[in-house]
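Undergrad: This is the structure I have questions about; it appears just below.
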Protein chains: 2
Amino acid sequence: MARALAKKVETSTMLLEAAKKVLRQNGHSGLSTRDVAAAAGVPLSQIHYHFGSKQGLMLALFDYLNAQLLDRQNAMFHDATLSLSQRWDRACDYLDEDIASGYVRVLQELIAASWSDPEVAKVVRSGLMSWLELIAEVARQADKELDGLGPFSAGEVAALVSSAFIGAESLYLLGAEKKGGPVRQSLRRVGDAIRMAEGKSSKR
Amino acid sequence: MARALAKKVETSTMLLEAAKKVLRQNGHSGLSTRDVAAAAGVPLSQIHYHFGSKQGLMLALFDYLNAQLLDRQNAMFHDATLSLSQRWDRACDYLDEDIASGYVRVLQELIAASWSDPEVAKVVRSGLMSWLELIAEVARQADKELDGLGPFSAGEVAALVSSAFIGAESLYLLGAEKKGGPVRQSLRRVGDAIRMAEGKSSKR
DNA sequence: GCATAATTCGGTCGACCGACCGAATACCTA
DNA sequence: TAGGTATTCGGTCGGTCGACCGAATTATGC
């Protein structure tokens with residue numbers, strides 16, 4: 001049983017990695033279960049055996065990816081040695097990494113898929129709400145360390161930051177950056193703004 | 001000839017409106033040319049007659065919609081009687097309208113479609129770059145009226161604002177707002193922040 | 001080593017898609 | 001009204017998709 005279970009997990013992972021690869025290359029509308037099975041080097045029927053359906057595969061893929069990223073972000077945000085602006089810079093570094101690795105494309109495709117599929121939406125939404133909460137936590141900390149958050153609540157800051165990152169990813173994928181839209185650069189600048197606020201803060 | 005041309009334009013418009021409707025209901029992956037033709041009440045072959053292909057229909061649809069929205073936004077931004085914060089509030093009003101009318105869904109679907117289709121990307125990108133330029137213009141004005149834009153250039157502000165709106169739309173479609181993510185509310189708050197800056201500005 | 005369950009495999013089925021075609025019709029010109 | 005062109009129409013073709021099935025293979029417990 002032990003070896004069989006290991007093999008089962010291995011095949012599942014192969015399929016998830018293959019799905020990630022195909023999704024990155026072809027997008028959600030161009031993803032067929034046949035392509036995924038071929039990329040994973042396993043028969044087509046394995047997908048339905050392991051995940052029940054194409055939708056089941058998508059849901060499992062989101063969980064698989066989001067868990068990894070959320071862990072990473074959580075660790076970084078709880079590193080007490082980093083200042084707020086340093087955390088922002090790190091988040092921008094992560095964005096660059098995730099674009100390069102293709103994570104961004106995959107996650108954006110899953111978000112887009114969820115607009116048409118309530119089941120997927122449920123999973124993706126709950127995954128992204130974890131991000132909102134994580135960012136809100138940092139915002140609450142910023143509220144203490146700096147001179148407040150202006151007219152914004154911590155939750156509103158989190159929503160704004162999330163929107164900006166999600167939107168920036170979308171625009172990057174569109175190719176806006178190559179046509180003179182300083183998308184990632186403008187996110188980096190926010191780090192400068194935070195640094196200015198840190199310098200001026202009366203609480204340090 | 002005059003009547004034939006009028007009829008031709010009319011049928012084209014019917015098809016574009018039908019495509020908008022289907023896209024809003026089913027998303028891009030769920031859009032079939034048959035559904036569009038049925039919704040428009042015209043035969044399937046009309047789509048290929050008027051637009052050559054499904055892709056041609058999508059491209060024409062984007063031009064059709066973006067031209068409308070850009071005109072509206074352009075008129076509002078050039079209304080000299082409005083203050084910066086009032087313009088921001090108006091932009092938020094427009095967002096609410098466009099969500100209600102389904103424009104947001106359609107445009108987001110087209111953006112997502114462009115991730116997989118370089119031809120569509122080219123058209124969508126150039127359409128969105130017009131927005132960037134429009135917003136940058138307003139940002140330049142803000143740079144004069146307020147006490148500068150902090151560490152941001154006008155282009156960077158435009159990129160940031162665009163990202164935030166695009167991302168907010170995406171998150172709204174996902175249903176984040178119903179699960180406690182104050183997406184549109186946080187955008188409205190930016191108007192409050194601008195009002196605060198207007199009040200403090202030394203140049204008024 | 002034998003019986004049983006878990007897993008893998010190739011193959012196929014019905015549904016749906018975009019694209020295309022040639023006939024039929026409506027329209028304008030003269 | 002006659003002739004020619006622009007448009008509309010029903011129908012079909014090749015191809016791909018997700019889903020499913022039953023046999024074959026492998027691993028496990030006794």
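The values are calculated or read from the model by the stated rules, or taken from the named source; none is laboratory data. Because the structure is a prediction, the values reported are computed rather than measured. For neighbour counting, all protein chains shown are included, and Cβ atoms are generated from backbone atoms with ideal geometry for every residue, glycine included. Side chains are part of the model used for accessible areas, which takes the heavy atoms of the whole protein and leaves out ligands, DNA and RNA. Shrake-Rupley method; radii C 1.70, N 1.55, O 1.52, S 1.80 Å.
Undergrad: Across segment A:118-131, what is the number of residues that are within 12 Å of residue B:174 (Cβ to Cβ), more than 7 Å from every other protein chain (Cβ to nearest Cβ) and of a type in the set (Gly, Ala, Ser)?
TA: 2
Undergrad: Still on this structure, please answer the following. Take the residues in segment A:153-189 that are under 25 Å from residue B:110 (Cα atoms) and part of a loop (DSSP other than H, G, I, E, B); name whichever of them is nearest to the chain's Cα centre (by Cα).
TA: A:175
Undergrad: Here is a check on your reading of the model: is residue B:154 at pLDDT 90 or above, out of contact with any Lys or Arg (no Cβ under 7 Å at 6 or more places or on another chain) and in the same structural domain as residue B:191 (by TED's automatic domain parsing)?
TA: no
Undergrad: What do you reckon, is residue B:81 within 16 Å of DNA strand D (Cβ to nearest atom) and either out of contact with any Asp or Glu (no Cβ under 7 Å at 6 or more places or on another chain) or in contact (Cβ under 8 Å) with a residue 40 or more places away in the chain (or both)?
TA: Spelling it out, it is not the case that residue B:81 is within 16 Å of DNA strand D (Cβ to nearest atom) and either out of contact with any Asp or Glu (no Cβ under 7 Å at 6 or more places or on another chain) or in contact (Cβ under 8 Å) with a residue 40 or more places away in the chain (or both).
Undergrad: Please enumerate the residues belonging to segment A:56-70 that are in contact (Cβ under 8 Å) with a residue 12 or more places away in the chain and away from DNA strand C (no atom under 16 Å from the Cβ).
TA: A:58, A:59, A:61, A:62, A:63, A:64, A:65, A:66, A:69, A:70
Undergrad: If residue B:190 satisfies all but one of (1) in contact with a helix residue (DSSP H, G or I) (Cβ under 8 Å, 6 or more places away or on another chain); (2) facing chain A (nearest Cβ under 7 Å), what's the number of the condition it fails?
TA: (2)
Undergrad: Quick check on segment A:132-146. Is at least one of its residues within 7 Å of another protein chain (Cβ to nearest Cβ), touching a Lys or Arg at 6+ places or on another chain (Cβ under 8 Å) and assigned to a helix (DSSP H, G or I)?
TA: no
Undergrad: Under 6 Å between Cβ atoms, at least 6 apart or on separate chains: pull out the pairs that start in segment A:191-204 with a residue that is under 12 Å from residue A:145 (Cβ atoms) and assigned to a loop (DSSP other than H, G, I, E, B) and end on any residue that is open to solvent by 90 Å² or more (accessible area, probe 1.4 Å) and modelled with pLDDT under 60.
TA: Matching pairs, first to second residue: none at all.
Undergrad: Among A:31, A:44, A:23, which is more than 14 Å from chain B (Cβ to nearest Cβ) and among the hydrophobic types (A, V, I, L, M, F, W, C)?
TA: Matching residue, one of A:31, A:44, A:23: A:44.
Undergrad: If the requirement is being crowded, with 19+ Cβ neighbours inside 10 Å and within 12 Å of chain B (Cβ to nearest Cβ), which of these qualifies: A:88, A:115?
TA: After applying the criteria, what remains is A:115.
Undergrad: Is there a residue being among the aromatic types (Phe, Trp, Tyr) and either under 15 Å from the mean Cα position of the chain (by Cα) or more than 16 Å from DNA strand C (Cβ to nearest atom) (or both) anywhere in segment A:71-82?
TA: Yes, there is a match, as at least one residue in segment A:71-82 is among the aromatic types (Phe, Trp, Tyr) and either under 15 Å from the mean Cα position of the chain (by Cα) or more than 16 Å from DNA strand C (Cβ to nearest atom) (or both).
Undergrad: Now a separate question. Based on this model, can you work out whether residue A:150 counts as facing chain B (nearest Cβ under 9 Å), open to solvent by 50 Å² or more (accessible area, probe 1.4 Å) and not in a helix (DSSP H, G or I)?
TA: yes
Undergrad: Quickly run through segment A:1-26 and pick out the residues that are within 14 Å of DNA strand C (Cβ to nearest atom) and modelled with pLDDT of 85 or more.
TA: A:12, A:13, A:14, A:15, A:16, A:18
Undergrad: Only one of (1) more than 19 Å from the chain's Cα centre (by Cα); (2) without any contact (Cβ under 8 Å) to a residue 12 or more places away in the chain; (3) away from DNA strand C (no atom under 12 Å from the Cβ) is not met by residue B:29, so which one is it?
TA: Result: residue B:29 fails condition (3) only.
Undergrad: Additional query: Taking segment B:159-186, which residues are more than 7 Å from every other protein chain (Cβ to nearest Cβ) and surrounded by 24 or more Cβ atoms within 10 Å (Cβ to Cβ)?
TA: Within segment B:159-186, just B:169 meets the criteria.
Undergrad: Looking at (1) surrounded by fewer than 17 Cβ atoms within 10 Å (Cβ to Cβ); (2) of a type in the set (Asp, Glu); (3) at the interface with chain B (Cβ under 7 Å from one of its Cβ atoms), find the lone condition where residue A:97 falls short.
TA: So residue A:97 meets the others, but not (3).
Undergrad: Would you check if residue A:91 is within 16 Å of DNA strand D (Cβ to nearest atom) and touching a residue at least 12 places away in the same chain (Cβ under 8 Å)?
TA: Against the criterion (within 16 Å of DNA strand D (Cβ to nearest atom) and touching a residue at least 12 places away in the same chain (Cβ under 8 Å)), residue A:91 does not qualify.
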